[in-house]
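This report refers to the structure that appears directly beneath it.
Here, each number is a calculation from the coordinates, and none is a lab measurement. On a predicted model such as this, the values are computed, not experimentally measured, just so you know. Note that we place each Cβ from the backbone using ideal geometry, even for glycine, and neighbour counts take in every protein chain shown.
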Amino acid sequence: MFTVILIMSIGIMCGYFIRKRDIRGIISGATTALIWLLLFVLGIEVGHNKQVVNSLATLGVEALFIAVVCLCGSCVAAWILWRYIAKRRED
Amino acid sequence: MKSSIVIVGFFILGTLCGVFDILPAEWFEGGVSFYALCALMFCVGVGIGNDPHTVRNFRSLSVRLTLLPLFTILGTLAGAAVASLVLTTRSLPECMAVGSGFAYYSLSSIFITEYKGVELGTIALLSNISREIITLLCAPLLVRFFGPLAPIASGGATTMDTTLPVIIRYSGREYAILSIFHGFIVDFSVPFLVTFFCSL
């Protein structure tokens, strides 16, 4: 599981060593292509799995619910930080 | 927004191919997606290491505002904990893994599919796309109810690219650097937090 994180760290080091050369165009192109490929493959897996296809509506409702609750949680946290900073400024 | 539509398009195309058996799933077994995931993470890493400007620009931020990514992460995880109480079919680590996508739907759904299976991967994809879309559509409301930091927190890992324009528009131009910094840190935390919650 930590293979992936190790590979990302190696990537950061490689990117740092060749930072004199601007390769951001190539990298963002490759990143986009890989994301397309991986989501296409994820789609095929979903499509093949009859159980998932049949419960797609339920999964969607669960997904939306998790999104809304997480979003509200992060906004409340941001509001707390905002209040704290504003109060410190008044003092 | 356009690039998000293309990405979702690929997912839908794949789903249709799967449903109608156009491409056999056996082609993609044997770890192809894992190698592609490794290649993707390498590219993400190179992109971070290769950018000479990002780190330098962050020095101008006020110290207290740099706490925002931490608040976003804690708030989201608290929300995920609440969600797991309501959704009895999903465990706490599962909800937290989905929440830890922070609207970065491509990477988080790929990770979760790899470690937890297609079903939760699909939830992660739909959930994190929803989070991005809600942020894009509701940014003015979020500013009104929760202050100017709220759209940045709700945008999660996307605040340095896709949701940056709406944040600048509704929170103000002075939040642009904070927004990029926030996206950078939260983005970086996604692989760590998602793998962590998947391993529980």
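Remarks
- Counting Cβ atoms of other protein chains within 10 Å of each residue's Cβ and taking the mean over peptide A:51-57 gives 3.
- The HN-Hα couplings worked out from phi for the stretch B:95-104 by the Karplus form 6.51 cos²θ - 1.76 cosθ + 1.60 (θ = phi - 60°) are 4, 5, 5, 5, x, 5, x, 6, 6, 8 Hz, whole numbers, x standing for Gly and Pro.
- Between the alpha-carbon centres of the stretch A:14-91 and the stretch B:172-200 there is a gap of 9 Å.
- 222 nm mean residue ellipticity, helices alone, for the protein assembly as shown (DSSP H n ≥ 4; -39,500 (n - 2.57); rounded to 500): -26000 deg cm²/dmol
- For chain B, the relative contact order comes to 22 percent (Cα pairs under 8 Å, sequence separation of at least 6).
- Here's the picture: charge each Lys and Arg Cβ at +1 and each Asp and Glu Cβ at -1 in chain B, and of B:ILE5, B:GLY147, B:TYR115 the one pushed furthest to the positive end of that dipole is B:GLY147.
- Chain A shape via C-alpha gyration tensor axes, a/c threshold 1.5: oblate
- Computed label-point distance, nm, for sites A:LEU56 and A:THR3 using a 7 Å Cα→Cβ extension: 3.1 nm
- Comparing B:GLY47, B:GLY121, B:GLY79 in a Gaussian network model of chain B, where Cα atoms under 10 Å apart are tied by springs, the biggest mean-square fluctuation is seen for B:GLY47.
- Cβ-placed point charges (K, R +1; D, E -1), dipole of the protein assembly as shown about Cα centre in debye, nearest 20: 1180 debye
- 5 angstrom amide H check on B:MET160, placed H, neighbours 5+ away: B:GLY183
- Alpha-carbon centroids, the stretch B:112-168 and the stretch B:93-111: separation in whole Å: 11 Å
- Calculated on C-alpha atoms, the gyration radius of chain B divided by its Kirkwood radius gives an Rg/Rh of 0.98.
- Within chain B: Cβ-based charge dipole about Cα centre, in debye rounded to nearest 20 (Lys, Arg +1; Asp, Glu -1): 860 debye
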